[in-house]
1. Looking at segment 50-62, I want the residues that are farther than 20 Å from Val27 by Cβ and open to solvent by less than 50 Å² (accessible area, probe 1.4 Å) and have a partner that is of a type in the set (Asp, Glu) and in a helix (DSSP H, G or I) with Cβ atoms under 7 Å, at least 6 apart or on another chain. Which pairs are those?
2. Taking the criterion of being part of a helix (DSSP H, G or I), at pLDDT 90 or above and not hydrophobic (A, V, I, L, M, F, W, C), would at least one residue in segment 105-113 satisfy it?
3. What number of residues within segment 19-44 satisfy the criterion of being in a helix (DSSP H, G or I) and either closer than 23 Å to Tyr90 by Cβ or touching a Pro at 6+ places or on another chain (Cβ under 9 Å) (or both)?
4. Output the qualifying pairs, or none if there are none: Cβ atoms under 7 angstrom, residues six or more apart or on different chains, first residue in segment 77-93 and free of Cβ contacts under 8 Å to residues at least 40 places away in the same chain, second residue acidic (Asp, Glu) and surrounded by 13 or more Cβ atoms within 10 Å (Cβ to Cβ).
5. Taking Ala70, is it open to solvent by less than 70 Å² (accessible area, probe 1.4 Å), closer than 27 Å to Phe7 by Cα, under 22 Å from the mean Cα position of the chain (by Cα) and among the small types (Gly, Ala, Ser)?
6. Listed residues Val47, Val88; which is touching a Pro at 6+ places or on another chain (Cβ under 9 Å) and of a type in the set (Val, Ile, Thr)?
7. Which ones in segment 9-49 are surrounded by 14 or more Cβ atoms within 10 Å (Cβ to Cβ), small (Gly, Ala, Ser) and within 23 Å of the chain's Cα centre (by Cα)?
Amino acid sequence: MSWADNFLNAAIMIALAAIIISLGLIVIRLIRGPTLPDRILSLDMLVTVAVGFITVIAIHSQQRSYIDVAISLGLVGLLATIAFARYVIYRGLQNEEADEGKEQEPEAETVDSGKRSDVGENSESQTPSSNQRWL
């Protein structure tokens, strides 16, 4: 074995060790959370590190077909991240609509009692709602 082969094997072992440590830290973040976006980000990082792991294994085994697997996994991970992000946005919009519904009920009582809260003030109906900002 030449000096270059020894260096390549050492670099592969160091890379695999770093990848395994990062996988462990990512799994801890996935379990601990604390919020859904944190978990989505950790899943995205998990896919990214898995692509790196597959790439290092492809270099070590000199199998080019593993690179195709890594590219495919990266594309699937991208689509999953986009789907999760859309879910978080949709879930956030539903929560905001529920909060707006709770806030509007007391205002209806003040309007019914004869008070006009929109005279001389900017009412909430004139500002764009959070739903319009996302669409």
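The values are calculated or read from the model by the stated rules, or taken from the named source; none is laboratory data. Keep in mind the model is a prediction, meaning the values are calculated, not measured. Methodologically, a virtual Cβ is constructed for each residue, glycine included, from the backbone with ideal geometry; neighbour enumeration extends over all protein chains shown. Ligands, DNA and RNA are stripped out before the accessible areas are found, and what is left, the full protein with its side chains, is counted by its heavy atoms. Shrake-Rupley method; radii C 1.70, N 1.55, O 1.52, S 1.80 Å.
1. Hits for this filter: zero, empty list.
2. For segment 105-113, residues part of a helix (DSSP H, G or I), at pLDDT 90 or above and not hydrophobic (A, V, I, L, M, F, W, C): absent.
3. Residues that pass the stated criteria total 10.
4. The qualifying pairs are Gly77/Asp44.
5. So Ala70 passes the test.
6. Sole residue among the options that is touching a Pro at 6+ places or on another chain (Cβ under 9 Å) and of a type in the set (Val, Ile, Thr): Val88.
7. Result: Ser22, Ser42.
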